[in-house]
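Engineer: Have a look at this one before I ask anything.
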Amino acid sequence: MIIEVQLSGAEFRRFTIFDLLRRRKQWQGPVLFALILGVSAALCFTRTETQGATLLGNVLLTVGLGLPCVYFAYFFSSLSRQVRKQGLTRPQHVYTVTLTEKAQGILADNGREQLTYAWKSVHHAYRNLTATYLYLTPQRALILPHTCLEDPDQLWALLTKKLPKEKCTVL
């Protein structure tokens, strides 16, 4: 199976949001920070008889909610910059993936380099409504948009055949 990957900015955004916020759970740090400072602010607000407690509560609440908002705003604006930088405002051919049933059955070619991977070394495969994400390592994934495939079910059938069941997840 040969897949000529035409990647769009929207698909790149969906993948990045999935990878960082859902798979790596990088939302937890800012949310935990907001929760800790929010609880601290609530404790300050209960101490109204103490001078300056309300002011400290307001400061803690502002910082506790403000920093996570800035974090997520920066994340999404940097994602938009990355889409523009990579020229994905219109779909672009980024690489070609060849999948075979051989032991070394994954070949990725981006025009500058060719990489060959063994099926047994694949980290995980995820399928959502618009694409399949084939993680060759925990840090490196191939985005396989379903718009580049004649039959996405055929790709998923090959992946579930070559990978153990625990390495294949439908989102």
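Engineer: For the stretch 1-78, what class follows from the C-alpha gyration tensor (a ≥ b ≥ c being the square roots of its eigenvalues): rounded when a/c is under 1.5, otherwise prolate if a/b is larger than b/c, else oblate?
Structural biologist: prolate
Engineer: Quick one: which residues, 5+ away or cross-chain, put their amide H under 5 Å from the amide H of His124? H built at 1.01 Å from N.
Structural biologist: Amide H to amide H, under 5 Å and 5 or more residues apart or across chains, His124 pairs with Tyr135.
Engineer: Rounded to the nearest 10 degrees, what's the angle between the helix 53-85 long axis and the longest principal axis of the chain, both from Cα atoms, 0 to 90?
Structural biologist: Relative to the chain, helix 53-85 is tipped by roughly 20 degrees.
Engineer: Something else about it: Which whole-Hz ³J(HN,Hα) couplings does the stretch 156-162 yield from phi under the Karplus relation 6.51 cos²θ - 1.76 cosθ + 1.60, θ = phi - 60°, glycine and proline marked x?
Structural biologist: Using θ = phi - 60°, the values come out as 5, 5, 5, 5, 6, 6, 8 Hz.
Engineer: So how much accessible area does Leu149 have, in Å² to the nearest 10, using a 1.4 Å probe?
Structural biologist: Near enough 20 Å² of accessible area.
Engineer: Among the GluC sites (Glu not before Pro) in the stretch 72-171, which ones are in a DSSP loop with at most 10 other Cβ atoms within 10 Å of the Cβ? Mind listing them?
Structural biologist: Glu101, Glu113, Glu150
Engineer: Given Cα pairs under 8 Å that are at least 6 residues apart, what percent is the relative contact order of the chain?
Structural biologist: Taking the mean separation of contacting Cα pairs over the length of the chain, I get 23 percent.
The values are calculated or read from the model by the stated rules, or taken from the named source; none is laboratory data. Here the structure is a predicted model, which is why all the values come from computation and not from measurement. Cβ: placed from backbone, ideal geometry, glycine included. Neighbour counts: every protein chain shown. Accessible surface is based on the protein model in full, side chains and every heavy atom, while ligands, DNA and RNA are left aside. Shrake-Rupley method; radii C 1.70, N 1.55, O 1.52, S 1.80 Å.
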